[in-house]
Amino acid sequence: MKTKYYLIFLAMLLSFGPSNKTFAQRCLVMRYDADGNRISRTVTTNCQNMREMTNVQAPVVEEANIVVYPNPNNGCFHVMIPDSLKKEKSYYELFDMNGVVLIENKLYDNQTEIDIGIYPAGVYLLKLFNGEDVILKIVLKQ
């Protein structure tokens with residue numbers, strides 16, 4: 001009698017089968033404004049589109065002539081761009097490791113001082129926009 005109930009239960013369990021919604025991978029997509037405030041949060045089951053959306057859009061250039069020093073630093077560092085490489089529209093963005101823009105400003109001279117003394121010690125990403133080129137540098141604060 002018990003085996004009869006087990007077989008009925010097993011047949012019912014197998015008849016439902018796995019559904020796509022039960023085993024679908026879900027992803028959170030969050031968008032932020034320039035100040036780092038979250039402006040939207042979306043749950044999606046199409047994670048492939050989310051990965052494509054986060055790719056770098058601008059061409060990234062590895063430029064050895066652009067110097068960030070001292071690195072590591074104690075809260076203040078300099079960015080030096082030679083005259084031959086400096087374009088008219090040059091600016092920078094400093095990101096924390098969560099992708100939040102902490103500082104955004106223009107590069108006025110060939111040597112710009114950036115003060116990050118108010119931020120905690122850690123690893124930061126400096127994104128330099130020099131005309132059409134985008135240069136990424138890692139900045140370490142002790």
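Could you tell me which GluC sites (Glu not before Pro) in the stretch 72-142 are loop residues by DSSP with no more than 11 other beta carbons within 10 angstrom of their beta carbon? Answer in residue order: GLU88, GLU132. Taking label points 7 Å from Cα along the Cα-to-Cβ direction, LYS87 and THR42 give a separation of 3.0 nm. Counted by neighbouring Cβ atoms within 10 Å, the residues SER90, SER84 run from fewest to most as SER84, SER90. The residues ILE138, ILE66, when put in order of fewest to most other Cβ atoms within 10 Å, stand as ILE138, ILE66.
Rounded to the nearest whole angstrom, the semi-axes of the ellipsoid equivalent to the stretch 67-141, taken from the Cα gyration tensor as √(5λ), stand at 20, 13, 10, largest first. Here the residues LYS137, LYS86, ranked from fewest to most Cβ neighbours within 10 Å of their Cβ, fall in the order LYS86, LYS137.
Taken together, the values in this text are just the output of simple stated rules run on the coordinates, not laboratory data. Here the structure is a predicted model, which means the values were calculated and not measured. In this analysis, Cβ positions are derived from the backbone assuming ideal geometry, glycine residues included, and neighbour counts consider all displayed protein chains.
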